[in-house]
Amino acid sequence: MVPLQQHAGRPALAVVREGQEVTRGELLASPDGDLSVAMHAPASGTVRRIALMPNAAGTMVNGIYLEPLPASTQEVAEGVPCPLTATPAEILAAIQNAGIVGLGGAAFPTHVKLRVPADRNVDAIIINGAECEPYLTTDHRVMLEQREDVLRGVRYLLRACGAERAILAAETHSEAALAQIESAVPADLPLETATLQVKYPQGAEKILIETLLGRQVPSGKLPLDAGAICINVATTAEIGRLLPHGRGIQERVITISGPAVRDKGNYRIPIGTPLRFVLDQVGVSDDVSRVFLGGPMMGTAVASLDVPITKGTSGVTAMTSQQTSSKRIYPCIRCGYCVEACPLFLNPCQLGVLARHNEFETMRDELKLFDCFECGACAYVCPSHLPLVQEFRAAKAQLRRLSTP
């Protein structure tokens with residue numbers, strides 16, 4: 001089950017037909033414009049259907065149903081290599097054609113993120129190895145096991161955007177992985193490492209930029225406006241792994257964890273694998289109550305287990321009824337805990353009041369609603385159990401609908 005939209009932007013356009021046999025890594029769908037990326041076959045097999053399929057949000061999207069062939073036939077198709085000597089434009093095109101997006105969870109097309117406008121200057125790339133959520137350890141495993149891919153990916157990134165240096169940052173529990181990479185950094189590669197305090201949400205790009213560079217991203221602006229670009233370490237590793245062979249992304253490392261999971265761990269899983277199949281392989285307890293794609297703070301609770309693993313799936317977290325039992329919601333008591341917890345110094349309490357009165361424009365214009373990256377810290381500390389993040393997401397969705405012609 002390969003959805004044609006696994007990224008921010010326009011869905012890819014299918015270039016295969018029903019009944020066609022494809023090889024693992026073969027192009028299934030081409031980008032539809034600049035804000036789109038290619039899709040590739042996660043396994044050799046036969047295209048059975050091109051039709052609607054469920055996604056994590058509970059809606060239906062267009063996708064390709066692929067029936068895999070036996071494992072013995074799973075050789076990967078080679079493409080046109082993109083050498084490190086390629087021009088920045090050629091590297092960006094290769095990243096788009098490889099279908100690479102942000103693997104930390106946002107799934108924003110990486111080639112767009114790396115394109116620096118003529119009126120901007122980027123002097124530093126931050127390679128984000130700080131796990132974005134509790135339970136997830138994908139970045140740590142990638143750094144430990146794909147050191148050479150990470151280093152090669154940094155070279156591609158620096159050449160693509162013209163930055164002078166790169167900083168690989170991870171939290172203290174990944175010090176061994178950082179040390180391993182640091183020991184292998186060539187003399188001609190301007191890469192340094194930085195160890196961060198373990199504190200959620202340390203992996204947010206605005207937090208990283210201020211911590212590492214001492215710069216604040218202005219409200220409503222992008223990291224480019226602070227002279228920096230943040231790229232997830234798994235994305236960096238995929239660039240270093242795929243571009244030299246001209247291949248497309250077919251799989252990714254995913255943490256399968258949570259109290260309801262029996263065989264917890266990090267697994268390399270083909271894109272498009274049904275979630276139900278994944279959970280059957282690792283085993284879940286009988287009292288599993290809720291399954292998140294991602295972590296428990298910012299992940300999406302799936303409406304059905306018949307959804308596929310996508311490029312943006314950094315983890316699968318399965319909870320029991322003990323962790324997800326509903327709590328009674330009380331009126332806000334103005335304690336201020338949410339204000340103290342917010343890493344961007346917003347006022348979640350006031351935003352929540354406005355959301356409940358449908359004052360969406362005020363939330364956006366006066367209280368900087370769109371600066372919120374929905375880390376969930378405010379809802380976590382709220383003694384009244386107010387669903388603040390859900391209210392903010394609903395407000396953003398309504399504002400986007402109002403702004404759509």
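The values are calculated or read from the model by the stated rules, or taken from the named source; none is laboratory data. Please read all numbers here as calculations on a predicted model, not as lab measurements. In this analysis, Cβ positions are derived from the backbone assuming ideal geometry, glycine residues included, and neighbour counts consider all displayed protein chains.
Considering the stretch 323-348, and only residues there that are among the β-branched types (Val, Ile, Thr) and surrounded by 14 or more Cβ atoms within 10 Å (Cβ to Cβ), the residue that is farthest from the chain's Cα centre (by Cα) turns out to be VAL339. When the residues of the stretch 359-392 are filtered to those that are out of contact with any Phe, Trp or Tyr (no Cβ under 7 Å at 6 or more places or on another chain) and among the charged types (D, E, K, R), the one that is surrounded by the most Cβ atoms within 10 Å (Cβ to Cβ) is GLU391.
Across the stretch 235-251, what is the number of residues that are within 18 Å of ALA94 (Cβ to Cβ) and either of a type in the set (Asp, Glu) or touching a Ser or Thr at 6+ places or on another chain (Cβ under 9 Å) (or both)?
Start the filter on the stretch 235-251 by keeping residues that are within 18 Å of ALA94 (Cβ to Cβ), which leaves 235-250.
From what is left, the residues that are either of a type in the set (Asp, Glu) or touching a Ser or Thr at 6+ places or on another chain (Cβ under 9 Å) (or both) are 235, 238-239.
Summing the residues that are within 18 Å of ALA94 (Cβ to Cβ) and either of a type in the set (Asp, Glu) or touching a Ser or Thr at 6+ places or on another chain (Cβ under 9 Å) (or both) in the stretch 235-251 gives 3.
Scanning the stretch 207-226 turns up no residue that is at pLDDT 90 or above, touching an Asp or Glu at 6+ places or on another chain (Cβ under 6 Å) and among the hydrophobic types (A, V, I, L, M, F, W, C). The residues of the stretch 2-51 that are assigned to a strand (DSSP E or B) and either more than 25 Å from the chain's Cα centre (by Cα) or more than 14 Å from ASN97 (Cα to Cα) (or both), listed by number, are VAL2, PRO3, GLU21, VAL22, GLY45, THR46, VAL47, ARG48, ARG49, ILE50, ALA51. Checked against the criterion of being of a type in the set (Gly, Ala, Ser), touching a Gly at 6+ places or on another chain (Cβ under 7 Å), assigned to a loop (DSSP other than H, G, I, E, B) and farther than 21 Å from LEU243 by Cβ, the stretch 123-134 contains one or more residues that satisfy it.
When you look at GLU131, is it among the acidic types (Asp, Glu), crowded, with 22+ Cβ neighbours inside 10 Å and at pLDDT below 95, yes or no? Outline the logic, then answer.
Working: among the acidic types (Asp, Glu): yes; crowded, with 22+ Cβ neighbours inside 10 Å: yes; at pLDDT below 95: yes.
For GLU131, the condition - among the acidic types (Asp, Glu), crowded, with 22+ Cβ neighbours inside 10 Å and at pLDDT below 95 - is met.
Of the numbered criteria (1) under 23 Å from ASN121 (Cα atoms); (2) without any contact (Cβ under 8 Å) to a residue 12 or more places away in the chain, the one ASN232 fails is (2).
When the residues of the stretch 323-351 are filtered to those that are charged (D, E, K, R) and part of a loop (DSSP other than H, G, I, E, B), which remaining residue is nearest to CYS378 (Cα to Cα)? So that I can check it myself, show each step before the final result.
Keep residues of the stretch 323-351 that are charged (D, E, K, R), which gives 327-328, 334, 340.
Subsequent filtering for residues that are part of a loop (DSSP other than H, G, I, E, B) retains 327-328, 334.
Working: LYS327: 16, ARG328: 17, ARG334: 13 Å.
Once the filter is applied, the top-ranked residue is ARG334.
Taking the condition of being modelled with pLDDT of 90 or more, part of a loop (DSSP other than H, G, I, E, B) and of a type in the set (Ser, Thr, Tyr), how many residues in the stretch 286-321 meet it? Residues that pass the stated criteria total 3.
Given the options LEU367, LEU354, name the one that is part of a loop (DSSP other than H, G, I, E, B) and not assigned by TED's automatic domain parsing to the domain that holds GLY272. Walk me through how you get there before you give the answer.
On the way: LEU354 fails: part of a loop (DSSP other than H, G, I, E, B).
Exactly one of LEU367, LEU354 is part of a loop (DSSP other than H, G, I, E, B) and not assigned by TED's automatic domain parsing to the domain that holds GLY272, namely LEU367.
Confirm whether VAL150 is in contact with a helix residue (DSSP H, G or I) (Cβ under 6 Å, 6 or more places away or on another chain) and modelled with pLDDT under 95. It is false that VAL150 is in contact with a helix residue (DSSP H, G or I) (Cβ under 6 Å, 6 or more places away or on another chain) and modelled with pLDDT under 95. Listed conditions (1) crowded, with 19+ Cβ neighbours inside 10 Å; (2) in contact with a Gly (Cβ under 9 Å, 6 or more places away or on another chain) are all met by LEU213, apart from (1).
I need the full set of residues from the stretch 100-144 which are out of contact with any Leu (no Cβ under 9 Å at 6 or more places or on another chain), aliphatic (A, V, I, L, M) and within 24 Å of GLY33 (Cβ to Cβ), in order please. Within the stretch 100-144, VAL101, LEU103, ALA106, ALA107, ALA118 qualify. Restricting attention to the stretch 222-275, the residues that are of a type in the set (A, V, I, L, M, F, W, C) and part of a strand (DSSP E or B) total 9. Taking residues in the stretch 145-173 that are free of Cβ contacts under 8 Å to residues at least 60 places away in the same chain and small (Gly, Ala, Ser), and partners anywhere that are surrounded by fewer than 23 Cβ atoms within 10 Å (Cβ to Cβ) and part of a loop (DSSP other than H, G, I, E, B), the pairs with Cβ atoms closer than 9 Å and at least 6 places apart or on different chains are ALA166/LEU189; ALA166/PRO190; ALA169/GLN202. Of everything in the stretch 59-83 that is polar (S, T, N, Q) and buried (at least 16 other Cβ atoms within 10 Å of the Cβ), the residue that is modelled with the highest pLDDT is ASN62. Pairs are defined by a Cβ separation below 9 Å, a sequence spacing of at least 6 or placement on different chains, a first member in the stretch 374-398 that is at positive phi, and a second member that is outside any loop (DSSP other than H, G, I, E, B); the pairs so defined are GLU374/VAL389; GLU374/PHE392; GLU374/ARG393; GLU374/LYS396; GLY376/LEU388; GLY376/VAL389; HIS385/ALA379.
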